[in-house]
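In what follows, a structure is listed as structure tokens, so that the remarks can point back to it.
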Amino acid sequence: MNNRRIRVVISKVGLDGHDRGAKVVASLLKKAGMEVVYLGMYQSVEGIVRAAVDEDADIIGVSYLSGEHLVFTPKIVAEMKKQGLNDVLFVVGGSFPPEDIPVMKEMGIDQVFRGGSLTDDIVAYIQENVR
């Protein structure tokens, strides 16, 4: 039986400088018993994915508030595929139009949590879907 805790890498990407929500989610996931590495703001696509490889992450979580979610999502998905992270969940949170959610899922995001999502819902999704 594998007792390893779920490992999560949380980050901001690009020039998005609003990180309060990402920090709150990181803290709440730690309280739920997960190992969380928070990379901070202004990260590159390659840096986020490299951290997930280095940390043997089960999940990459990216917070979007800058309106660039449709720009960075396909780049992150492509880099994850390039690095062989096929079993790593990719979840995003933040503020974006509801009509962009199906588009982001088509791009390869596993789940989307808009601002105001309940922590219990985030934790339950991760626990039920980690690969």
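Taken together, the residues in the stretch 94-109 that are among the β-branched types (Val, Ile, Thr) and assigned to a helix (DSSP H, G or I) amount to 2.
The set of residues in the stretch 7-21 being over 12 Å from Ile122 (Cβ atoms) and either open to solvent by 50 Å² or more (accessible area, probe 1.4 Å) or aliphatic (A, V, I, L, M) (or both) consists of Arg7, Val9, Val13, Leu15, His18, Arg20. Listed by first and then second residue, the pairs with beta-carbon distance under 7 Å, at least 6 apart or on different chains, first residue in the stretch 106-131 and on the phi > 0 side of the Ramachandran plot, second open to solvent by less than 90 Å² (accessible area, probe 1.4 Å) and in a helix (DSSP H, G or I), are Gly108/Val77. For the stretch 2-47, the set of residues classified as in contact with an Asp or Glu (Cβ under 8 Å, 6 or more places away or on another chain), of a type in the set (A, V, I, L, M, F, W, C) and modelled with pLDDT of 95 or more consists of Ile6, Val8, Val9, Val37, Val45, listed by residue number.
If you go through the stretch 116-128 and keep only what is of a type outside the set (A, V, I, L, M) and touching a Phe, Trp or Tyr at 6+ places or on another chain (Cβ under 9 Å), you end up with Asp121, Tyr125. Residue-level analysis places Ala52 outside the set of residues that are hydrophobic (A, V, I, L, M, F, W, C) and touching a helix residue (DSSP H, G or I) at 6+ places or on another chain (Cβ under 6 Å). Candidates Glu35, Glu68: the one that is surrounded by fewer than 19 Cβ atoms within 10 Å (Cβ to Cβ) and more than 16 Å from Arg7 (Cα to Cα) is Glu68. Pairing residues of the stretch 85-101 that are more than 20 Å from Thr119 (Cβ to Cβ) with residues that are loosely packed, with under 15 Cβ neighbours inside 10 Å and at pLDDT below 95, at Cβ distances under 6 Å and at least 6 apart in sequence or on separate chains, gives Asp87/Arg131. All told, Ile126 meets the bar of being in a helix (DSSP H, G or I) and either surrounded by 20 or more Cβ atoms within 10 Å (Cβ to Cβ) or of a type in the set (Ser, Thr, Tyr) (or both). For the stretch 103-111, the count of residues that are touching a Pro at 6+ places or on another chain (Cβ under 9 Å) and open to solvent by 30 Å² or more (accessible area, probe 1.4 Å) is at least one. In this structure, does Val92 turn out to be open to solvent by less than 20 Å² (accessible area, probe 1.4 Å) and over 18 Å from Tyr125 (Cβ atoms)? Against the criterion (open to solvent by less than 20 Å² (accessible area, probe 1.4 Å) and over 18 Å from Tyr125 (Cβ atoms)), Val92 does not qualify.
The values are calculated or read from the model by the stated rules, or taken from the named source; none is laboratory data. Small disclaimer: the values here were computed from a predicted structure and weren't measured. We place every Cβ from the backbone using ideal geometry, glycine too, and count neighbours over all the protein chains shown. Each accessible area value is taken on the protein alone, full model and side chains, heavy atoms only, with ligands, DNA and RNA left out. Shrake-Rupley method; radii C 1.70, N 1.55, O 1.52, S 1.80 Å.
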